[in-house]
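Trainee: To start, I am sharing the structure in question, which I have written as structure tokens.
The values are calculated or read from the model by the stated rules, or taken from the named source; none is laboratory data. Note that the coordinates shown come from a computational prediction; the quantities given were computed from them, not determined experimentally. Heads up, the Cβs are rebuilt from the backbone with ideal geometry, glycines too, and the neighbour counts pull from every protein chain shown.
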């Protein structure tokens, strides 16, 4: 489990992301459980000597366990390392859709 401390300003920034679809899902998830936050990180990837570098966006999903302590959700990936806190949009999108579907099923059974 990975845990880190975030101040109020950092958590406030992690309430929204620039990707419209992903932000809509984030807001829907936060309506159900406001302890979820999503950090958006832009980074540049070099593609070789004669190619232009490309900008990529990675996302880090946070779950606020206490006032300023957040668990960084670790995603399973096919790599040689076990810590995968920053992932592509598809991982977050899939997790959010699963969360919302599970929430709707659980509420429907109550």
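Trainee: Give the residues of the range 1-20 that are over 13 Å from the mean Cα position of the chain (by Cα) and either over 16 Å from residue 71 (Cβ atoms) or surrounded by 11 or more Cβ atoms within 10 Å (Cβ to Cβ) (or both), sorted by residue number.
Mentor: Taking the range 1-20 first, the residues over 13 Å from the mean Cα position of the chain (by Cα) are 1-10, 12, 20.
Hits for the range 1-20 are 2, 3, 4, 6, 7, 8, 9, 10, 12, 20.
Trainee: Have a look at 100, 38 and point out the one that is part of a helix (DSSP H, G or I), farther than 18 Å from residue 1 by Cβ and either modelled with pLDDT of 95 or more or touching a helix residue (DSSP H, G or I) at 6+ places or on another chain (Cβ under 8 Å) (or both).
Mentor: Every option except 100 fails the conditions.
Trainee: Within the bounds of the range 77-94, is there any residue that is assigned to a strand (DSSP E or B) and either surrounded by 11 or more Cβ atoms within 10 Å (Cβ to Cβ) or within 11 Å of the chain's Cα centre (by Cα) (or both)? Steps first, please.
Mentor: Step one: filter the range 77-94 for residues assigned to a strand (DSSP E or B), giving 86-87.
From the residues that got through so far, the ones that are either surrounded by 11 or more Cβ atoms within 10 Å (Cβ to Cβ) or within 11 Å of the chain's Cα centre (by Cα) (or both) too are 86-87.
Taking every residue of the range 77-94 in turn, at least one turns out to be assigned to a strand (DSSP E or B) and either surrounded by 11 or more Cβ atoms within 10 Å (Cβ to Cβ) or within 11 Å of the chain's Cα centre (by Cα) (or both).
Trainee: Please work out which one of (1) surrounded by 15 or more Cβ atoms within 10 Å (Cβ to Cβ); (2) modelled with pLDDT of 95 or more; (3) not in a helix (DSSP H, G or I) is the condition residue 70 fails and give its number.
Mentor: Here residue 70 meets the rest and fails (2).
Trainee: Given the condition assigned to a strand (DSSP E or B) and touching a strand residue (DSSP E or B) at 6+ places or on another chain (Cβ under 7 Å), answer yes or no: does some residue in the range 13-24 qualify?
Mentor: Residues of the range 13-24 assigned to a strand (DSSP E or B): none.
Among the residues of the range 13-24, not one is assigned to a strand (DSSP E or B) and touching a strand residue (DSSP E or B) at 6+ places or on another chain (Cβ under 7 Å), which makes the answer no.
Trainee: Of 30, 41, which residue is within 20 Å of residue 96 (Cβ to Cβ), surrounded by 10 or more Cβ atoms within 10 Å (Cβ to Cβ) and free of Cβ contacts under 8 Å to residues at least 40 places away in the same chain? Give the steps one after another, and end with the answer.
Mentor: Details: 41 fails: free of Cβ contacts under 8 Å to residues at least 40 places away in the same chain.
Just a single option satisfies the conditions, and that option is 30.
Trainee: Also: If the requirement is being under 27 Å from residue 9 (Cα atoms), in contact (Cβ under 8 Å) with a residue 60 or more places away in the chain and in contact with a helix residue (DSSP H, G or I) (Cβ under 8 Å, 6 or more places away or on another chain), which of these qualifies: 73, 57, 92? Walk me through it before giving the result.
Mentor: Values: 73 fails: in contact (Cβ under 8 Å) with a residue 60 or more places away in the chain; 57 fails: in contact (Cβ under 8 Å) with a residue 60 or more places away in the chain.
From the options 73, 57, 92, the qualifying one is 92.
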